[in-house]
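The values are calculated or read from the model by the stated rules, or taken from the named source; none is laboratory data. These figures come from a predicted structure and were not determined experimentally. So basically every Cβ, Gly included, is an ideal-geometry build from the backbone, and we count neighbours across all protein chains shown. Surface accessibility is based on the protein's heavy atoms, side chains included, excluding ligands, DNA and RNA. Shrake-Rupley method; radii C 1.70, N 1.55, O 1.52, S 1.80 Å.
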Amino acid sequence: QYNSLGGIINLVSSQGTADWHADGSFYGNHYLLSAPNQFGSGAVDGLRPFTDAVLPPTQSYQGNITVGGPLLKDKLWINVGMQYQNTQTSQPLGAPLNVQAPPRVFTAVYPRLKVTFAPSPKHRFTLSTLADPASIDFIDNNGSRANQRTPLASRHQNQGGLISILLWDWFLSDV
């Protein structure tokens, strides 16, 4: 769905348990372990399987960690998570400059905090906060415009946002 070749993820966040839990993961794709991009930066450059040019790096790394558990038994729970992502994409050298452009580097940190408080069995308050600060170096260097500027003329972008949600659940009967 949503024009993707991947899958659909159903995420159900935990409201709190009586135990502490931690979860972590790391995903990596080093450029030496991947088939390199052999196409030039323009539509007419085509496939160049026998080029002796140094192939640019295209790689990505992602790490995640989440810790959660009770601060006060059956009353107050916390869940804290952090994700780090670094992705480098590049195009092989090509016209008009025939100079290898530096890879486009996307770096992001995604922190998350969720606090749940249950003052009574019929009421529950939840505060969720998450942010997505990111930076992109050499922002134009992963498409057909990659080799049209010198590295000194490349652009940088900072982006991100912050969202917080406060939720109050009132149950008609005890949970």
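Worth pointing out:
- Number of the condition not met by N79 [criteria: (1) among the polar types (S, T, N, Q); (2) within 25 Å of W20 (Cβ to Cβ); (3) open to solvent by 60 Å² or more (accessible area, probe 1.4 Å)]: (3)
- Some residue of region 144-154 being among the hydrophobic types (A, V, I, L, M, F, W, C), more than 17 Å from the chain's Cα centre (by Cα) and in a loop (DSSP other than H, G, I, E, B): yes
- Matching residues, region 35-67, being of a type in the set (G, A, S), modelled with pLDDT of 90 or more and touching a Ser or Thr at 6+ places or on another chain (Cβ under 6 Å): S60
- Sole exception among (1) exposed (fewer than 15 other Cβ atoms within 10 Å of the Cβ); (2) within 22 Å of L32 (Cα to Cα); (3) of a type in the set (K, R) for R155, by number: (2)
- The listed residues are S90, S120, and the only one of them that is without any contact (Cβ under 8 Å) to a residue 12 or more places away in the chain and open to solvent by less than 50 Å² (accessible area, probe 1.4 Å) turns out to be S120.
- Cβ-Cβ under 6 Å pairs, at least 6 apart or on other chains, region 54-73 side in contact (Cβ under 8 Å) with a residue 40 or more places away in the chain and within 19 Å of N142 (Cα to Cα), far side open to solvent by 20 Å² or more (accessible area, probe 1.4 Å) and hydroxyl-bearing (S, T, Y): P57/Y31; T58/Y31; T58/T89
- A single member of R104, R145, R149 is within 28 Å of F26 (Cα to Cα) and either open to solvent by 40 Å² or more (accessible area, probe 1.4 Å) or modelled with pLDDT of 90 or more (or both), and it is R104.
- Here D174 fulfils each of the conditions (1) at pLDDT 80 or above; (2) open to solvent by 40 Å² or more (accessible area, probe 1.4 Å); (3) over 23 Å from the mean Cα position of the chain (by Cα) apart from (1).
- Region 82-127 - residue that is under 30 Å from H21 (Cβ atoms) and of a type in the set (S, T, N, Q) and, of those, nearest to the chain's Cα centre (by Cα): Q85
- Identity of the residue in region 123-142, open to solvent by 50 Å² or more (accessible area, probe 1.4 Å) and not in a strand (DSSP E or B), that ends up nearest to H30 (Cα to Cα): N142
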